[in-house]
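A.B. asks: Take this structure, written in structure tokens, and hold onto it; I'll ask about it next.
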Amino acid sequence: MGSDARDPNVGVNLTMLDVAKKLKDFIMLFDGKIKPFDQIDKLFDELFHDSSVHGIDGKFHNKEQSRRVAKWIYANKTVVNIYEFTIVGDNQVELELNLRNSKIDVVSHSFVDVQDGKVVKTKTLQDSRDLYIVMKSYVDQLMTKYYPCSSRRDWTINNNSKQIESDMEG
């Protein structure tokens, strides 16, 4: 079977099924328990395309910025529960997630676009944008501190990995 072969039982591209499984595995790692980030980091690299973008509230994060946000979410012992996980066609997943820790309790409704076996884009829908207000303030603090920008869409990366790690632990 080639990488784009179809399983006659489900009618979905097998590559898409593989990506969907990796995406679920990635989400399930956010169980509120602290463990080495290496496990999440490895799956993050396998799952997300190098030029992937994630959009929340008009801000677009590249892969490395998204990794930093994932680290913040992880370091704050966030529990992520899947409310909805639906494969839409051959290249998209619709997600509804609950992210909860001591600072946030939000529901995210997003579409995840897949190409060549990797996530290339996630887009948070307008109907969940208002629920990000609490989370947004924490993420904005992190992004503003480590990714100063001249415009909402023009993020640049600072090389402050040790400081980020220190801030997330403290």
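The values are calculated or read from the model by the stated rules, or taken from the named source; none is laboratory data. None of the values given here were measured: they were computed from a predicted structure. Note: ideal-geometry Cβ built from the backbone for every residue, glycine included; neighbour counts use all protein chains shown. All accessible areas refer to the heavy atoms of the entire protein, side chains included, with ligands and DNA or RNA removed. Shrake-Rupley method; radii C 1.70, N 1.55, O 1.52, S 1.80 Å.
A.B. asks: Checking LYS103 against (1) without any contact (Cβ under 8 Å) to a residue 40 or more places away in the chain; (2) basic (Lys, Arg); (3) touching a strand residue (DSSP E or B) at 6+ places or on another chain (Cβ under 7 Å), which test does it fail?
C.D. replies: If we test LYS103 against (1) without any contact (Cβ under 8 Å) to a residue 40 or more places away in the chain; (2) basic (Lys, Arg); (3) touching a strand residue (DSSP E or B) at 6+ places or on another chain (Cβ under 7 Å), just (3) comes out false.
A.B. asks: Which condition from (1) touching a His at 6+ places or on another chain (Cβ under 8 Å); (2) modelled with pLDDT of 90 or more is the one that SER128 breaks?
C.D. replies: SER128 satisfies all of (1) touching a His at 6+ places or on another chain (Cβ under 8 Å); (2) modelled with pLDDT of 90 or more except (2).
A.B. asks: Name the one entry in ASP113, ASP105 that is modelled with pLDDT under 90, under 25 Å from LYS22 (Cα atoms) and charged (D, E, K, R).
C.D. replies: Step by step, each of ASP113, ASP105 is checked, and only ASP105 is modelled with pLDDT under 90, under 25 Å from LYS22 (Cα atoms) and charged (D, E, K, R).
A.B. asks: Just the residues that are free of Cβ contacts under 8 Å to residues at least 40 places away in the same chain and out of contact with any Leu (no Cβ under 9 Å at 6 or more places or on another chain), please, taken from segment 74-93.
C.D. replies: Hits for segment 74-93 are VAL88, GLY89, GLN92.
A.B. asks: Further question on the same structure: Kindly indicate whether any position in segment 131-151 is at pLDDT 90 or above, basic (Lys, Arg) and open to solvent by 70 Å² or more (accessible area, probe 1.4 Å).
C.D. replies: No, every residue in segment 131-151 fails to be at pLDDT 90 or above, basic (Lys, Arg) and open to solvent by 70 Å² or more (accessible area, probe 1.4 Å).
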